[in-house]
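The values are calculated or read from the model by the stated rules, or taken from the named source; none is laboratory data. These numbers come from a predicted model, not from an experiment. Glycine also receives a Cβ, built like all others from the backbone with ideal geometry; neighbour counts cover every protein chain displayed. Each accessible area value is taken on the protein alone, full model and side chains, heavy atoms only, with ligands, DNA and RNA left out. Shrake-Rupley method; radii C 1.70, N 1.55, O 1.52, S 1.80 Å.
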Amino acid sequence: MSELVIKDLHVTVTTDDGVKEILKGVDLTISSGQTHAIMGPNGSGKSTLAYAVAGHPKYEIASGTVTLDGQDILDMSVDERAKAGLFLAMQYPVEIPGVSVSNFLRTSITALRGEAPKLREWIKEMNGAMKEIGMDPTFSERNVNEGFSGGEKKRHEILQLELMKPKIAILDETDSGLDVDALRIVSEGINRTVAKNNTGVLLITHYTRILRYVKPDKVSVFVDGKVVATGGQELAEELETNGYVKFSKATVGA
Amino acid sequence: MTAALQEKEILFKSVDARPDRFASSNPDDFAIPNGREEDWRYTPLKRIGNLHSDAVATQDINYEIVVAQGVISKVLTREEVKTKFLATDRIGARTQALWAKALVIEIPKELETKDLTWIKIDLKPGVQFGHIIINAKNFSNSTVVLEQTGTGFAGINCEIIAEPGSNLDFINVCDLDRKGVLVSEHQFVIDKDANVRSLVVQLGGDILRYNPRAKFSGNHGAVELLGVYLATQGQYFENRVFVDHNMKDCKSNVLYRGGAQGKDSHIVWVGDVMIRKIATGTNTYEMNRNLLLDSGARADSVPNLEIETGQVEKAGHASVTGRLDDDQLFYLMSRGIDEPTARQLVIEGFFSGIFGEFTHPDLKEKLNQRLNAAIERGHQ
């Protein structure tokens, strides 16, 4: 049983106009086997939350704590956080020219597991996972994310999720840019991971569409850098009907 | 042998290379550079052991050669080689005036071999000058590797002659010790339907200055001048490339990828392509991409393209210098890969497109080993 606990997290970025506070006191707990959806309008700070927790150097932690099973992860380097069991599926996965998917995955798995997987078993494992997510085996020879379509990039992220078996996964708008078929395949991958590996998922999304395939245990509404409401699936349905207007006003009023 | 060399004499005319560029084999025809000349503005002349002024040879160069079966190699004295090599700067001319023994490699007519011909030069402390002639005869097909290591101060020129219909891969590895200095002028002459692919790999040394020049002696020739260079802390690597399209329907591709890491590392690339009035149907592209790995590194990149005819098939040039991408490192590290390994992957990936073209397994492995060693030097 694992737990990612975010307490009163304040995060800033430095822009040309000076220091700007993006996260204004986030409190969240994500547990093994649970799917927690975070929904919010564009610019509310959802992606910042994902990147800050994963340790992107652009984001400065002003105050607050993030612990994974009691361990302070804010003190860890980005790779140490991954080794501790944290995974981030990115909204815009980065292209790495000249580095093949198979080389990248093998390097990553070797780092995460602490030893190089046996070649034959590894190829079997990788090809099996690629088949499940609907990726052709020739994909492993392509360069990481280079020339991938939007759907291919997202499948590649979920492929990594399945292979890396994290304790806690943050999925940043994994549903964006996907057609219905790809959305279904990616969602099945997420559900498999939760079922098989008991991964806790923080599912960041703008739309309710993905929640038809991935059923959240909890839904939180994120507006202006913090969580403003938390409930069950019914909260998502309300957002589907009424949008974020009510919550935005509430914040302005407060 | 003599016949081949006489043919070559015709190829190099008295005014050679870059338009309006003077060429000579006599060092006294060139003033001693002071660093303010366009040609020498980047080169740290203080660190080159007076190769540009008055350094004389303290020893001969020792050529170690392993030839592919059928390939002929000879080490000859000045009296035995009648080269008319004309240099375009003072170090090139001094090298031409001062070498004592030349290495001559001949790939016989119609010889096709997948085996490598490997020339190894291990430079020694002191000053040394060398000269190499590689002659790929009609319809031959082979690969020659020139591997230069060691220390000291050296000037080594090379003539590469590709006869009609020949295919030649030429890989020039410069991986000297930290204090080594090597200045080279290489001249490629490509005849009708000949195809030369050349790759320079600069990884080790205090100063490396490479000046490759290609021209054609027949129509429908093709040349690729490729380069991979990675300078670490304090190292200075310079490439001055010139392709002279002086024949019809010839093709050239210049692609150099450079990296610099660490304080006072400095890489320089100057690429000139000239398409003369006669050279209709030319297809040429030159590209330089540089990757700066930290804030102490510096890159200079100057592409030039001069076109005297409107009837070209394709002519383009480009230069891009960027910094190591934080987002690429973050992506890899977020998958558990530590920072040094992530940097290594990104740098290897940056260069791999060029190495990938040379598929001989021994060669590929050796190049990758040397590149990885150079990347690791940046972490120390």
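Worth a mention:
- Springs between Cα atoms under 10 Å define the GNM used for chain B, and in it the highest mean-square fluctuation of B:TYR236, B:TYR42, B:TYR256 occurs at B:TYR42.
- When peptides A:228-240, B:262-274 are ranked by their average number of other Cβ atoms within 10 Å per residue, the highest-first order is B:262-274, A:228-240.
- Apportionment of accessible area to carbon and sulfur, chain A, percent (1.4 Å): 49 percent
- Unsatisfied cross-links (Cα-Cα over 29 Å) in the set A:LYS118/A:LYS153; A:LYS118/A:LYS218; A:LYS46/A:LYS154: A:LYS118/A:LYS218
- Computed from the C-beta positions of B:ASP326 and B:ALA373 and an R0 of 22 Å, the FRET efficiency is 0.30 to the nearest 0.05.
- Using a probe of 1.4 angstrom and keeping all protein chains present, the accessible surface of the protein assembly as shown works out to 40 square angstrom per residue.
- Using the alpha-carbon positions of the protein assembly as shown, Rg (one decimal) and Dmax (whole number) come out as 30.0, 96 Å.
- Positive contributions from Lys and Arg (+1) and negative ones from Asp and Glu (-1), summed over other residues with Cβ under 11 Å from the Cβ of B:GLU106, come out at +2.
- Annotation for A:ARG184 and A:TYR213: the two label points, set 7 Å from Cα along the Cα-Cβ direction, are 0.9 nm apart.
- Hz values of 3J(HN,Hα) by residue in segment B:371-378 - Karplus curve (6.51, -1.76, 1.60), Gly and Pro given as x: 5, 4, 4, 5, 4, 5, 4, x
- Straight Cα distances below 16 angstrom link B:LYS364 to the lysines B:LYS114, with same-chain residues fewer than 8 positions distant left out.
- A simple spin-label model places pseudo-atoms 7 Å from Cα toward Cβ; at B:ASN246 and B:GLU37 they are separated by 2.0 nm.
- Peptide B:336-349 is shielded by partner chain Cβ atoms: per residue, an average of 6 of them sit within 10 Å of its Cβ.
- Dipole orientation for the protein assembly as shown: of the candidates A:LEU9, B:ILE65, B:ILE134, B:ILE65 has the Cα lying most toward the positive pole (charges on Cβ; Lys, Arg +1; Asp, Glu -1).
- 0 to 90° range, to nearest 10: angle between helix B:2-11 axis and chain B longest Cα axis: 70 degrees
- The length gained on full extension between A:TYR92 and A:GLU234, counted as 0.36 nm times the residue separation minus their Cα-Cα distance, comes to 48.2 nm.
- Selection among B:LEU116, B:VAL104, B:HIS317 by position relative to the dipole of segment B:8-329 gives B:VAL104 as farthest towards the positive end (Cβ unit charges, Cα centre).
- Over the residues of chain A, the helix contribution to mean residue ellipticity at 222 nm works out to -11500 deg cm²/dmol, using -39500 (n - 2.57) for each DSSP H run of at least 4.
- Counting, for every residue in A:144-150, the Cβ atoms of other protein chains within 10 Å of its Cβ and taking the mean gives 1.
- Protein heavy-atom accessible area occluded, A/B pair - total, 1.4 Å probe, Å²: 1900 Å²
- B:LYS114 paired with B:ALA318, simple spin-label distance in nm, labels 7 Å along Cα-to-beta-carbon: 3.4 nm
- B:PHE170 contributes an accessible area of around 0 Å² to the protein surface, as traced by a 1.4 Å probe with all chains present.
- In order along segment A:124-129, the Karplus-derived 3J(HN,Hα) couplings, from 6.51 cos²θ - 1.76 cosθ + 1.60 at θ = phi - 60°, round to 5, 4, 5, 5, x, 5 Hz, and Gly and Pro are given as x.
- Shielding value for B:324-331 is 6, the average number of Cβ atoms from other chains within 10 Å of each residue's Cβ.
- 5 angstrom amide H check on B:LYS124, placed H, neighbours 5+ away: B:THR151
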